[in-house]
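One structure is given below, encoded as structure tokens.
Throughout, read-outs are computed from the coordinates displayed, never taken from laboratory work. In this text, all values refer to a predicted model and were calculated from it rather than measured experimentally. Cβ placement follows ideal geometry from the backbone for every residue including glycine, while neighbour counts extend to all protein chains displayed.
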Amino acid sequence: MKRTNKNGKPAKNRKIPLRPAARNPNVLSKRTAERATDKLVALAEAAQQRAYAPYSNFHVGTALLTDAGVHTAANVENASYGLSICAERNAISRAVLDGARSILAVAVVTDTSPPAAPCGMCLQTLAEFAPDFDALRVTLANPAGERRDHTLADLLPHGFRPRDLLRR
Ligand SMILES: [Zn+2]
């Protein structure tokens, strides 16, 4: 199905050409990852504008590049605080519903300086769909233009992986 925006026109900024690294289709080439990052940060910034965070006033936007395209989301809070959901996990849920199974790159935008990293729960959720912790680029940014590039391995060095279930 062709993606459209709310006016029925083709969505813009959604096309990031995927160029896998030669040997592994689940890993982006370095060049593609670098080119994708600018777009992902811009999309995450746009998503941040739609955050629903009346309690914390901590607005977060996320954009994911996956094997099914680009997916964005923001955090959504609730008066019953425990029901609040982070932007990253919202984006992952949207991606999975769109058919994604591999996350290739992530951008997270917050207003903090330096830009904040995802919480542990979101890192673990990213791990579920990260074929390679060392290759998954997680870019942390803020609207002032600060940017920090990490890998999931940097942020979750000893994370539990789906394959660990098989090592009994
Ligand atoms: Zn989180």
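May I ask you to verify whether Ala68 is away from the ligand (no atom under 13 Å from the Cβ), touching a residue at least 24 places away in the same chain (Cβ under 8 Å), over 9 Å from the mean Cα position of the chain (by Cα) and under 19 Å from Ala130 (Cβ atoms)? It is true that Ala68 is away from the ligand (no atom under 13 Å from the Cβ), touching a residue at least 24 places away in the same chain (Cβ under 8 Å), over 9 Å from the mean Cα position of the chain (by Cα) and under 19 Å from Ala130 (Cβ atoms). In the stretch 97-115, of all residues being hydrophobic (A, V, I, L, M, F, W, C) and more than 10 Å from the ligand (Cβ to nearest atom), the one that is nearest to Glu34 (Cα to Cα) corresponds to Ala105.
For the stretch 101-124, the set of residues classified as buried (at least 22 other Cβ atoms within 10 Å of the Cβ), in contact (Cβ under 8 Å) with a residue 60 or more places away in the chain and within 23 Å of Ala68 (Cα to Cα) consists of Leu104, Ala105, Val106, Ala107, Val108, Val109, listed by residue number.
Can you tell which of Leu126, Leu136 is within 12 Å of the ligand (Cβ to nearest atom), touching a helix residue (DSSP H, G or I) at 6+ places or on another chain (Cβ under 8 Å), within 18 Å of Ala33 (Cβ to Cβ) and not charged (D, E, K, R)? Result: Leu126 is the single residue among Leu126, Leu136 that is within 12 Å of the ligand (Cβ to nearest atom), touching a helix residue (DSSP H, G or I) at 6+ places or on another chain (Cβ under 8 Å), within 18 Å of Ala33 (Cβ to Cβ) and not charged (D, E, K, R). For the stretch 129-144, a tally of residues being under 13 Å from the mean Cα position of the chain (by Cα) and closer than 15 Å to His158 by Cα returns 2. Listed by first and then second residue, the pairs linking a residue in the stretch 125-138 that is more than 15 Å from Arg101 (Cα to Cα) to a residue that is away from the ligand (no atom under 16 Å from the Cβ) and of a type in the set (D, E, K, R), with Cβ atoms under 8 Å apart and 6 or more places separating them unless they lie on different chains, are Arg137/Asp149; Val138/Asp149; Val138/Asp154.
Only one of the numbered conditions (1) of a type in the set (A, V, I, L, M); (2) part of a strand (DSSP E or B); (3) out of contact with any His (no Cβ under 8 Å at 6 or more places or on another chain) is not met by Ala63, and that is (3).
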